[in-house]
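First the structure, in the form of structure tokens, and then the observations on it.
The values are calculated or read from the model by the stated rules, or taken from the named source; none is laboratory data. All of these numbers come straight from a predicted model, not from anything done at the bench. All Cβ positions, glycine included, derive from the backbone under ideal geometry; neighbour counts span all protein chains shown. Just the protein is used for accessible areas: all its heavy atoms, side chains included, with ligands, DNA and RNA removed. Shrake-Rupley method; radii C 1.70, N 1.55, O 1.52, S 1.80 Å.
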Amino acid sequence: MTIQPFYMFTVVCMTCATLVNACRAELHKGALTLRSRIAKFRPTVLCFNGKGIFQIFMNQSKCVLGLQPVQIEGAKVFVMPSTSSRGAAYPRWQDKIEFFEDLAKVVNSCPQLSSSGDLQ
């Protein structure tokens, strides 16, 4: 059985409590670093924790939650609602569970990942 590695990256390391407090220069630098890590590690699926950080990373003003119509370096892209309890649209974990289920379906649809066992 081949187990696919799992990588977790952050776009920017900062001490402020919210994305709003991060300066554009920090976010731009973090996005460049993340792009180079994606190119190096070539993940099959990318998951962004929150629409805001995905919009900054992609330099776009809007996005919908869930599987995106774009790929990054060949990886499927999924955007989750922020797991922070500050997320006004989805404040409770019960409100977010369907997105985790949808993400599991995306991961399980990748032959090189699902061969090591389905995510449940």
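Going through segment 68-114 one residue at a time, which ones are of a type outside the set (Asp, Glu), open to solvent by 90 Å² or more (accessible area, probe 1.4 Å) and at pLDDT 90 or above?
Pro69, Gln71, Phe100, Lys105
List every residue pair whose Cβ atoms sit under 8 Å apart, with the two residues 6 or more apart in sequence or on different chains, where the first one lies in segment 62-73 and is closer than 13 Å to Gly52 by Cβ and the second, anywhere, is part of a loop (DSSP other than H, G, I, E, B).
Cβ pairs passing all conditions: Leu65/Pro81.
Assess whether Ile56 counts as being among the aliphatic types (A, V, I, L, M) and either modelled with pLDDT under 85 or open to solvent by less than 70 Å² (accessible area, probe 1.4 Å) (or both).
Answer is yes for this residue.
Among the aliphatic types (A, V, I, L, M), over 18 Å from Glu101 (Cα atoms) and assigned to a helix (DSSP H, G or I): is that true of Ala88 in this structure?
no
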